[in-house]
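The structure appears below as structure tokens.
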Amino acid sequence: MSNLDLRPAPHPCGGNGRTGPVRDVQPGKQVPLGESTVVRRLLPNLGRRMVGAWCFVDHYGPDDIAGEPGMQVPPHPHTGLQTVSWLREGEVLHRDSLGSLQTVRPRELGLMTSGRAIAHSEESPAGHGRLLHGAQLWVALPAERRDTAPAFEHHADLPVIDGGGGLSATVVLGELAGAVSPGTTYSPLVGADLTLAAGTDARLPVEADFEYAALAISGESEVDGVRLAPGALLYLGCGRTELPLRADSDSSLMLLGGEPFEEKILMWWNFVGRSQEDIEKAREDWMTGTRFGEVHGYDGERLRAPALPAVPMKPRGRVH
Ligand code: MN
């Protein structure tokens, strides 16, 4: 993989600071998730906090979890965001404080809107398959919708676009090339699963006023001339009307994009707020067992909130 684009520099686009397309490979890092899973965290990273309203991107696997617990994330709270569960292999059992109990399988959308408060757990179910491979993503809610009612949606039937030249795209969330996911959104954005057959040479129509990033999920592909190995995130900026995609072998990507999110947000632990007070109150409410409700049926204790940082936290924009 080329590292010519390893420049964690800000590239403002949208608003007054518009710039054109860029090709920046974003550094990810290994992060433990729960007790038995390690994920690659692509957003936020050293140079960038958001792509559109997408504010958190983890890619995990493919992991062989035969005879192992697999994913075991105990009950924990969220505020001010939506979570997107997207699997390529395996299954994840979702429980939440609304009483939802849903197995999410490959190519199905698990979409949880925390709104003002929700709690959930995620686990590899008993008798799970051998492989676990997927992505966990968050979307920040705009200020006027961040206190919306919590909800969980499961969509097994998502629109698929034939992009020609070997490309097919499943619209996971938002809109792509006129196809719209049934998942509820609160700002203009897209999340799509791109499948590139061996020999793909295609140009995917995209929105000039969206910023985009491509997350390589499997195989080796080329996005706007940049070769990507699985787990790499390529930030693309905005100003494109089409995105060139190539692959010599079968491969897949997630395309994430949206209107640049102009609000400053404060992300800490599992909360998206607008101020230190928001975060402190959410933490306190979780620790005192108010606001978030109970997740029933998970075999284990709920997560305790970590200590707040000693230094004050400030809301920040989408680039560092
Ligand atoms: Mn969560």
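Read-outs: derived from the displayed coordinates by stated rules, not from any lab. Small disclaimer: the values here were computed from a predicted structure and weren't measured. Neighbour counts are summed over all protein chains in view; Cβ atoms, including those assigned to glycine, are modelled from backbone coordinates with ideal geometry.
Annotations
- Scanning the stretch 38-48 for any residue that is of a type in the set (A, V, I, L, M), surrounded by fewer than 24 Cβ atoms within 10 Å (Cβ to Cβ), away from the ligand (no atom under 16 Å from the Cβ) and in a loop (DSSP other than H, G, I, E, B) turns up at least one such residue.
- Only residues that are buried (at least 18 other Cβ atoms within 10 Å of the Cβ) and either under 27 Å from residue 258 (Cα atoms) or among the acidic types (Asp, Glu) (or both) were counted in the stretch 81-110, giving 16.
- In the stretch 126-143, the qualifying residues are those that are of a type in the set (A, V, I, L, M) and outside any strand (DSSP E or B), and the one that is farthest from residue 116 (Cα to Cα) is 126.
- Within the option set 197, 232, 192, 214, being in contact with a strand residue (DSSP E or B) (Cβ under 9 Å, 6 or more places away or on another chain), crowded, with 20+ Cβ neighbours inside 10 Å and farther than 20 Å from residue 140 by Cα holds for one residue only, 232.
- Selection of the stretch 111-123 for residues being crowded, with 21+ Cβ neighbours inside 10 Å, over 18 Å from residue 182 (Cβ atoms) and away from the ligand (no atom under 11 Å from the Cβ) yields 117, 123.
- Listed by position, the strands (runs of 3 or more DSSP E) enclosed by the stretch 207-257 that each have at least 3 residues that are under 21 Å from residue 49 (Cβ atoms) are 211-218, 233-237.
- In the stretch 280-300 there is no residue that is within 30 Å of residue 178 (Cα to Cα) and either touching a residue at least 40 places away in the same chain (Cβ under 8 Å) or part of a helix (DSSP H, G or I) (or both).
- Extreme residue, farthest from the ligand (Cβ to nearest atom), among residues of the stretch 51-80 that are in a strand (DSSP E or B) and surrounded by 24 or more Cβ atoms within 10 Å (Cβ to Cβ): 51
- Residue count, the stretch 194-219 (criterion: over 22 Å from residue 87 (Cα atoms) and of a type outside the set (S, T, N, Q)): 12
- In this structure, residue 131 does satisfy being within 19 Å of residue 37 (Cβ to Cβ) and more than 15 Å from the ligand (Cβ to nearest atom).
- Residue check for residue 139: under 30 Å from residue 239 (Cβ atoms), within 13 Å of the ligand (Cβ to nearest atom) and crowded, with 24+ Cβ neighbours inside 10 Å: yes
- Evaluation of residue 94 against (1) more than 14 Å from the ligand (Cβ to nearest atom); (2) touching a residue at least 12 places away in the same chain (Cβ under 8 Å); (3) not small (Gly, Ala, Ser) (one fails), failing number: (1)
- Taking the criterion of being within 13 Å of the ligand (Cβ to nearest atom) and without any contact (Cβ under 8 Å) to a residue 60 or more places away in the chain, the residues of the stretch 81-91 that qualify are 83, 85.
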